[in-house]
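The values are calculated or read from the model by the stated rules, or taken from the named source; none is laboratory data. Small disclaimer: the values here were computed from a predicted structure and weren't measured. Glycine gets a Cβ as well: all are built from the backbone with ideal geometry, and neighbour counts include every protein chain shown. Side chains are part of the model used for accessible areas, which takes the heavy atoms of the whole protein and leaves out ligands, DNA and RNA. Shrake-Rupley method; radii C 1.70, N 1.55, O 1.52, S 1.80 Å.
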Amino acid sequence: GLDMLHTRGVPGMIYPHAARPSLFWDGMYEVWPHTRAFIAIAEGHREIMQIYGYPLPIEVCGWAMCELRNWQPVEVRNPVKVLFAPIHPNRNGWLHPTYRAYNTIVFQKLLETPGIQLTVRHIMSLTLNGIWQAPGVSYMLGTTKPATEQIDEADVVISHQTFAFLSVARGKPLIMMGDDMRAIAANSWDNMHWVAHYDDYRELLRYPLEAEAARSGRGLRAMIEQACSENVGAEWRERMIG
């Protein structure tokens with residue numbers, strides 16, 4: 001694989017498959033010794049990687065996952081169309097129990113939130129995501145392939161990692177979830193790794209609105225209204241999407 005390409009003189013550079021800053025080398029994995037550089041999406045990604053000590057050059061190439069749109073304020077009304085994309089299992093159906101618990105907590109709050117029309121975009125079964133069939137909720141089965149059609153149709157998106165980044169790139173009001181937990185990289189319990197320096201850059205990574213901060217459905221409704229009317233993520237977008 002990579003070693004064969006190296007012996008043929010092919011330069012090796014790494015580009016992330018996800019939209020979140022790459023944390024795989026923060027105490028998780030060794031850097032392939034023949035890597036020339038890492039190609040980051042935005043300056044905020046480079047800053048975070050430098051904080052945790054990525055040892056090689058980091059070049060910024062810009063956002064390429066979807067067409068960029070300006071932020072779109074939403075007139076607050078009843079109902080507000082909310083798209084909830086929970087933290088999804090990997091292709092083997094594995095999801096860390098803490099992430100599944102985040103999904104359950106946020107979903108329960110959404111069921112108690114007044115004045116919303118809730119759609120859930122889930123990958124794999126509802127059970128694996130820690131959620132369930134509830135009256136008045138629409139469900140759609142998604143895939144891990146980046147898609148923006150459902151994002152564009154919503155008023156507000158509540159999600160995590162790549163789907164959340166896509167939402168901000170499309171100019172959609174967003175409430176993030178799950179960044180309070182120290183990040184992991186894993187496909188199963190057998191190969192789970194925690195990042196080593198999350199506290200050093202947690203605040204740089206965090207989006208201004210986090211679903212876990214809402215203590216009730218009414219609190220989440222207030223957060224939704226703020227997301228609709230205030231461009232709270234402008235600075236975050238400049239750093240993380242560019």
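Has segment 21-37 got any residue that is touching a Lys or Arg at 6+ places or on another chain (Cβ under 8 Å), at pLDDT below 95 and surrounded by 13 or more Cβ atoms within 10 Å (Cβ to Cβ)?
Of segment 21-37, the ones touching a Lys or Arg at 6+ places or on another chain (Cβ under 8 Å) are none.
Within segment 21-37 (the criterion being touching a Lys or Arg at 6+ places or on another chain (Cβ under 8 Å), at pLDDT below 95 and surrounded by 13 or more Cβ atoms within 10 Å (Cβ to Cβ)), the answer is no, since none of the residues qualifies.
On the given criteria, is Asp179 charged (D, E, K, R) and in contact with a helix residue (DSSP H, G or I) (Cβ under 7 Å, 6 or more places away or on another chain)? Break it down into steps so the answer makes sense when it comes.
Values: charged (D, E, K, R): yes; in contact with a helix residue (DSSP H, G or I) (Cβ under 7 Å, 6 or more places away or on another chain): yes.
Judged against the criteria, Asp179 is a match.
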Open item on the list: Can you pull out every residue in segment 111-139 that is in contact with a helix residue (DSSP H, G or I) (Cβ under 7 Å, 6 or more places away or on another chain) and open to solvent by 60 Å² or more (accessible area, probe 1.4 Å)?
Closed with: Glu112, Trp132, Gln133
- [ ] Within segment 80-91, track down each residue that is outside any strand (DSSP E or B) and either open to solvent by 70 Å² or more (accessible area, probe 1.4 Å) or modelled with pLDDT under 95 (or both).
- [x] Ile87, His88, Pro89, Asn90, Arg91
- [ ] Kindly check whether there is at least one residue in segment 52-71 that is surrounded by 17 or more Cβ atoms within 10 Å (Cβ to Cβ), within 23 Å of Asp26 (Cα to Cα) and touching a Leu at 6+ places or on another chain (Cβ under 9 Å).
- [x] yes
Task: Number of the exception - Pro208 against (1) of a type outside the set (Val, Ile, Thr); (2) closer than 26 Å to Ile51 by Cβ; (3) touching a residue at least 24 places away in the same chain (Cβ under 8 Å); (4) open to solvent by less than 70 Å² (accessible area, probe 1.4 Å) - done: (4)
Task: Residue within segment 72-79 that is open to solvent by less than 80 Å² (accessible area, probe 1.4 Å), without any contact (Cβ under 8 Å) to a residue 60 or more places away in the chain and touching a Phe, Trp or Tyr at 6+ places or on another chain (Cβ under 9 Å) present - done: no
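Can you report the number of residues in segment 161-176 which are under 16 Å from Ala214 (Cα atoms) and either hydroxyl-bearing (Ser, Thr, Tyr) or at pLDDT below 95 (or both)? Step through it out loud before you land on a result.
Narrowing segment 161-176 to residues under 16 Å from Ala214 (Cα atoms): 174-176.
Next, from what is left, pick out any that are either hydroxyl-bearing (Ser, Thr, Tyr) or at pLDDT below 95 (or both): none.
Going through segment 161-176 one residue at a time, the tally reaches 0.
With respect to Ile48, is the statement that it is of a type outside the set (Lys, Arg), part of a helix (DSSP H, G or I) and either open to solvent by less than 20 Å² (accessible area, probe 1.4 Å) or farther than 17 Å from His197 by Cβ (or both) true?
Working: of a type outside the set (Lys, Arg): yes; part of a helix (DSSP H, G or I): yes; either open to solvent by less than 20 Å² (accessible area, probe 1.4 Å) or farther than 17 Å from His197 by Cβ (or both): yes.
Taking the combined requirement at face value, the residue satisfies it.
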TODO: Determine, yes or no, whether Gln108 is among the polar types (S, T, N, Q), open to solvent by 70 Å² or more (accessible area, probe 1.4 Å) and either under 27 Å from Glu212 (Cβ atoms) or within 17 Å of the chain's Cα centre (by Cα) (or both).
DONE: yes
